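Structure record follows, encoded as structure tokens.
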Amino acid sequence: QVQLVQSGAEVKQPGAAMKVSCKASGYTFTAKYIHWVRQAPGQGLEWMGWIYPGAGTTRPAQKFQGRVTMSMDTSISTAYMELSSLSSDDTAMYYCARDAAGNSFDSWGQGTLVTVSS
Amino acid sequence: QSALTQPRSLSGSPGQSVTISCTGTSSDVGGFNFVSWYQEHPGKAPKLIIYDVTQRPSGVPDRFSGSKSGNTASLTISGLQAEDEADYYCCSYAGYYTVFGGGTKLTVL
């Protein structure tokens, strides 16, 4: 079955960078888009961007342009999301999600909690 | 890329029906038939319950249904059950971008 497994929780200092991994299994990794979504404590879902492993193309949300880097390693079916210049506003649960087709996210990682604190 | 507009909260009694609205623009909800809905229980990852405006993934009860008119999409839950108490998010394709709604907290009385 389709499964996305994310890296573990992190604590970062303001100004630092974070990098979350998302290992896919149960399907052809290069055939589906991977999206990144975050959720601040008590807040709603916020779309961050996508990567298409089949071509290595990415599309970050305008809010994160210049600060987010999405990448992948097809040899290990893993997508990565790196966010730089962290502030306390970036404290959130970060999810990767598979786009089955037409912008429908049918499988989600378990989430990675990133806390930004001095 | 402004968030889609959803009511912040709704409530209903077991057995009743509730409808959650999701209002966007012609650049997102109104422009494409790629609206999806997600159910989120506390401490859990979101779960896809409706895609392509009206389609239900395998395993999702037919009590959940979706529709769209103009720039507004809707999720209807009929025959409310206690386990339906959760947060619900709409999501729309917006031409290379994606936008979520602010979320609706559904309480089953």
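The values are calculated or read from the model by the stated rules, or taken from the named source; none is laboratory data. What you are looking at is a predicted structure, and each value in this text was computed from that prediction instead of being measured. Neighbour counts run over all protein chains shown; Cβ positions are idealised from the backbone, glycine included. Surface areas here come from the heavy atoms of the whole protein model, side chains and all, with no ligands, DNA or RNA. Shrake-Rupley method; radii C 1.70, N 1.55, O 1.52, S 1.80 Å.
Figures for the structure shown
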{"item": "Per-q log10 I(q)/I(0), the protein assembly as shown, q = 0.12, 0.18 Å⁻¹ (Debye; single scatterer per alpha-carbon; no solvent)", "result": "-0.63, -1.35"}
{"item": "Shape call, the range A:19-70: gyration tensor on alpha carbons, a/c limit 1.5", "result": "oblate"}
{"item": "Accessible-area value, B:T107, 1.4 Å probe, nucleic acids and ligands omitted, Å²", "result": "50 Å²"}
{"item": "Global size of the range B:23-109 as Cα Rg and Dmax, reported in angstrom", "result": "12.7, 40"}
{"item": "Accessible area buried between chains B and A, both sides summed, probe 1.4 Å, in Å² to nearest 100", "result": "1700 Å²"}
{"item": "Nearest-10 value in Å² for the accessible area of A:R98, using the 1.4 Å probe", "result": "30 Å²"}
{"item": "Protection proxy ranking of B:86-93, B:24-31, A:62-69 - average other beta-carbon atoms within 10 Å, highest first", "result": "B:86-93, B:24-31, A:62-69"}
{"item": "For A:46-58, mean number of other protein chain Cβ atoms within 10 Å", "result": "1"}
{"item": "Cβ-Cβ FRET estimate between B:R8 and B:N33, R0 fixed at 22 Å, reported to 0.05", "result": "0.25"}
{"item": "A:Q62-A:A9 FRET efficiency (beta carbon distance; Förster radius 25 Å; 0.05 resolution)", "result": "0.35"}
{"item": "Whole-percent carbon and sulfur share, accessible surface of the range B:1-55, 1.4 Å", "result": "47 percent"}
{"item": "Estimated D of the range A:46-88 in µm² per second, where Rh is the Kirkwood radius over Cα pairs and Stokes-Einstein applies at 20 °C, 1.002 mPa s", "result": "194 µm²/s"}
{"item": "Sequence-distant residues sharing a close amide H with B:G102 (under 5 Å, placed H)", "result": "B:L4, B:Q6"}
{"item": "Cross-link pairs beyond the 27 Å C-alpha cut-off, checked among A:K23/A:K63; A:K32/B:K47; A:K12/B:K105; A:K32/B:K105; A:K23/B:K105; A:K23/B:K47", "result": "A:K12/B:K105; A:K32/B:K105; A:K23/B:K105"}
{"item": "Within the range A:52-90, backbone nitrogen closer than 18 Å to the virtual label 7 Å beyond the Cα of A:S118 toward Cβ", "result": "A:85-90"}
{"item": "Exercise: per-residue mean of other protein chain Cβ atoms within 10 Å, B:40-48", "result": "5"}
